[in-house]
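What follows is calculated from the coordinates using simple rules that are stated; it is not laboratory data. Just so you know, these numbers come straight off a predicted model, no measurement behind them. Here Cβ is always computed from backbone atoms with ideal geometry, including for glycine, and neighbour counts include all displayed protein chains.
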Amino acid sequence: MQSVRIGTNQAGQRLDKFLHKYLPLAGNGFLYKMLRKKNITLNGRKAEGNEILQPGDQVCTFFSEETFAKFSGREAPKGYAEDVSPQKSGKTSASAGDVRNSGERDIHARGQKPVKALNENPAKENLVKEYEAAYKKLRGITVLYEDSDFLILDKPSGILTQKAAAGDLSLNEWMIGYLLHQNPALAEELPLFRPSVCNRLDRNTSGIVLCGKSFPGLQFFSQCVRERSVRKFYRTICVGALREAASIEGHLVKDSAQNRVIVTAGNVLAGEERQSKGRRTAKVQEPQAAPRSGKASPICTVYAPIAVTDAYTLLEVELITGKSHQIRAHLASIGHPLTGDYKYGLEAVNRMLRKKYGLEHHLLHAGRVTFPEITSGPGARLSGRSIEAPCPEQFRELEEALFPTGRKGTG
């Protein structure tokens, strides 16, 4: 028999979801069959798989060592009971009596180490090395906020948020490497819970990335992003003069083969404002019909000029919906592409900016997030707070060069 005690980072999810992490090589059919036959139990009783796990729950699998190794991808020494709940002072959260009564050898209570711990395997060791390598190699990442559940990072341009290919090192790997550097014991929990980034930025977009350190933290940030309750503000410099605040709507279709998106021309109206979910935006009309081909997503982008000349506008942009390349493609679709944007921008302008200022990529910075009012749970620590990330040095230098008088609103 193998046993796992549920800790904070495993609680709050369905049993069947947990089993897919615990036994990643097992299929749905096998897992549900084992549940029906009571070869997998929850707290000593038959389970359906839809139960929500609580801290302290015990999941037992009555498999041979060979079967467990086959479906888990790791070895289970005979009679060994694993406990993945947080350890304090070297003690397991399960009592010695609980372990002995279940017929398992009380390794933790005796202070002995098993010949090979359940999570010690080449795959896990390779992952840990990858995280450590990312933490050492990637430079310029700044921690803006951290507590027991949340980590908010400032990503430099040029770094992927998540890996695109097997050999990539991304912010996600750096983040786990950072947490391992703080707490090496986290390595034992990685097979069953892995901290993760919760929003993505393009490689060359800099700024704020939200990360969940714990399962409750991951749930909260993911919910905020999914429900759009966290407000996300960007800074950019676009081509041409935009002298009034406005909102643009339309539809976006992603062309994965070309790694670009197509946007229908939305309506742009400045002036009259309304309240919408606490946001002050320009009045929005119905968007044009969606393109006939591809899966079209409705999009909404709100912007306000900070400084304007006849040639360029420094904008603050609020991303209402969050789709791939949305800000870049949406502004380009109304004739005001981002400076330095070689995918959606103006070649002549980009060539001049590269020659004169060394600008090699688009200027877009996720500079501020504001959290909703929360009264309970881990999110209450961020209730109503705004987190800011300063613009990168190259952005500030170009801003000073293009807007030397800092003129506001009109140029």
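Could you give each residue of the stretch 209-223 its phi-based ³J(HN,Hα) in whole Hz, using Karplus coefficients 6.51, -1.76, 1.60 with θ = phi - 60°, and x for Gly or Pro?
With coefficients 6.51, -1.76 and 1.60, one gets 10, 8, 10, x, 7, 10, 5, x, x, 5, 4, 5, 5, 5, 5 Hz.
For GLU51 and GLU360, FRET efficiency with R0 = 51 Å and r from the beta-carbon atoms, rounded to 0.05?
Working: r = 53 Å, r/R0 = 1.03.
According to the calculation, E is roughly 0.45.
Between ARG228 and ALA380, what is 0.36 nm times their sequence separation minus the Cα-Cα distance? Round to one decimal in nm. Intermediate results must be reported in sequence, preceding the final value.
Values: separation 152, 0.36 × 152 = 54.72 nm, distance 1.69 nm.
My answer for the length gained is 53.0 nm.
Residues with amide H under 5 Å of PHE150's amide H, sequence separation 5 or more or different chain, H placed in the peptide plane at 1.01 Å from N; which?
When sequence neighbours closer than 5 places are left aside, the close amide H contacts are LYS213.
So if each residue of separation counts as 0.36 nm, and I subtract the Cα-Cα distance between ARG14 and PHE62, what length gain in nm does that give?
Extra length from ARG14 to PHE62 when fully extended: 15.3 nm.
What FRET efficiency do you get for ASP310 and ALA166 if R0 is 45 Å and r is their Cβ-Cβ distance, rounded to the nearest 0.05?
Numbers: r = 48 Å, r/R0 = 1.06.
Taking R0 as 45 Å, the efficiency between ASP310 and ALA166 is 0.40.
Which length gain, in nm to one decimal place, applies between GLU146 and GLU388 when the Cα-Cα distance is subtracted from 0.36 nm times their residue separation?
Values: separation 242, 0.36 × 242 = 87.12 nm, distance 1.35 nm.
Between GLU146 and GLU388, full extension yields 85.8 nm more.
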